[in-house]
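Quick notes on the structure that follows.
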Amino acid sequence: MNFKYTKVRENYSVEEFLSKFDLRREYMNLKEQIENQFSEASTVLKAFQTEENYLKIEQAVHYMALALRHGNKIISCGNGGSMCDAMHFAEELSGRFRDNRQSLAAVSISDPSHISCVANDFGYQFVFSRYLEALGKEGDVLLGISTSGNSENVILAVEKAKELGIKTIVLTGKDGGKLADLADLEIRAPHSKYADRAQEIHIKIIHNLILGIEQTLKL
């Protein structure tokens, strides 16, 4: 909606404000949109809650906990909002999730100097695989996040990880894309039109992975 600047007194009630400036219809449309978004998110979350998906998360926890127990690390990566999720995952392992406990070896591929260097000199598609080539070791675990399942740099990261003997887990959406058959373990959000619905599922998965790791390692 477009607002024309008008000076108003500060003590209008919401009802008076909406009536005076003829905003009731816009307000109701916005309220309906908000309700619809929460309803849609709830439907997608419900669709994800299957025995198969629970078992996949459990398997991912076992892979990650085993790597950490043996002195290895978890490396996470993604683009845009998925990079934020990758960072979120890593910092709550190396830092803190719910309660105080020992720090756990996890890092996201999000160093801007590394990313800009590789993107400039080799191409953006190599920003994650070059990092793994430098710092990935056999026994590590890679968590790749792509709502489409087709992010080229995540695909190349998974391929490089497999060359190095790194276990690969991916969080995807839609039909899983190319990553679905490439990674050792794929956990897929239900198909949705936009990426934000998949991202909402991904963050629930991430928090359950962290909680499961802590429980498995008895921290």
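The values are calculated or read from the model by the stated rules, or taken from the named source; none is laboratory data. Since the structure is predicted, the reported quantities are computational estimates derived from the model, not experimental observations. Reconstructed Cβ throughout: ideal geometry from the backbone, glycine too, with neighbour counts over all protein chains shown. Ligands, DNA and RNA are stripped out before the accessible areas are found, and what is left, the full protein with its side chains, is counted by its heavy atoms. Shrake-Rupley method; radii C 1.70, N 1.55, O 1.52, S 1.80 Å.
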Restricting the search to the range 33-86, which residues are open to solvent by 40 Å² or more (accessible area, probe 1.4 Å), over 17 Å from Glu200 (Cβ atoms) and part of a helix (DSSP H, G or I)? Glu51, Glu52, Tyr54, Leu55, Lys56, Glu58, Gln59, His62, Tyr63, Leu66, Arg69
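I'd like the full set of residues that are among the small types (Gly, Ala, Ser) and in contact (Cβ under 8 Å) with a residue 40 or more places away in the chain, limited to the range 82-128. Working first, answer last.
Going residue by residue through the range 82-128, those that are among the small types (Gly, Ala, Ser) are 82, 86, 90, 94-95, 103, 105-106, 108, 110, 113, 116, 119, 123.
Of everything in the range 82-128, those that are among the small types (Gly, Ala, Ser) and in contact (Cβ under 8 Å) with a residue 40 or more places away in the chain turn out to be Ser82, Ala86.
Among the residues of the range 177-205, which ones are assigned to a loop (DSSP other than H, G, I, E, B) and open to solvent by less than 40 Å² (accessible area, probe 1.4 Å)? Spell out the reasoning first.
Residues of the range 177-205 that are assigned to a loop (DSSP other than H, G, I, E, B), as a first pass: 177-178, 183-184, 189-194.
Within the range 177-205, Gly177, Ala183, Ala189, Pro190, Ser192 meet the criteria.
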